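Quick notes on the structure that follows.
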């Protein structure tokens, strides 16, 4: 991390989707976030794929539309990192400690690990991060 010489921001899937979905209001912090180095935990690609699938099922976009959106997601140059550990108990403990899902806890854990800010549109995740002093971009 740090290869681009900028600050590190952990990017969650809700923020990434707000950047590319045609029916979303783009985040007011978008320019600042995109100027920095973006990283995400190992679950991020799965969450993006799931969000695209749900958007197609709900009629927000078509399968053809998703191809362009996946290209836009790819252009963000997000560094996806593996977990710092493979112990389910540690993911469980982090979720309990921060009162969020184990999935969301991976973003908190990563932001803490790298002293990074967090870009999220998820209110529960933002609240958990704010409680422990992680800078938030929403």
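The values are calculated or read from the model by the stated rules, or taken from the named source; none is laboratory data. Remember, predicted model here, so these are calculated numbers, not experimental data. Here Cβ is always computed from backbone atoms with ideal geometry, including for glycine, and neighbour counts include all displayed protein chains.
The table that follows gives values for the structure above.
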| read-out | value |
| --- | --- |
| Residue within the stretch 87-97 that is modelled with pLDDT of 95 or more and closer than 28 Å to residue 21 by Cα present | no |
| Count of the stretch 76-115 residues which are in contact with a helix residue (DSSP H, G or I) (Cβ under 7 Å, 6 or more places away or on another chain), more than 19 Å from residue 46 (Cβ to Cβ) and loosely packed, with under 15 Cβ neighbours inside 10 Å | 1 |
| Scan of the stretch 48-64 for residues that are surrounded by 12 or more Cβ atoms within 10 Å (Cβ to Cβ) and not in a helix (DSSP H, G or I), ordered by number | 60, 61 |
| Which numbered condition residue 7 misses (of (1) surrounded by 13 or more Cβ atoms within 10 Å (Cβ to Cβ); (2) at pLDDT below 95; (3) closer than 20 Å to residue 125 by Cα) | (3) |
| Flag for residue 40 being at pLDDT 95 or above and either under 13 Å from the mean Cα position of the chain (by Cα) or farther than 22 Å from residue 56 by Cβ (or both) | yes |
| Failed criterion for residue 118 (all others in (1) in contact (Cβ under 8 Å) with a residue 12 or more places away in the chain; (2) assigned to a helix (DSSP H, G or I); (3) crowded, with 19+ Cβ neighbours inside 10 Å hold) | (2) |
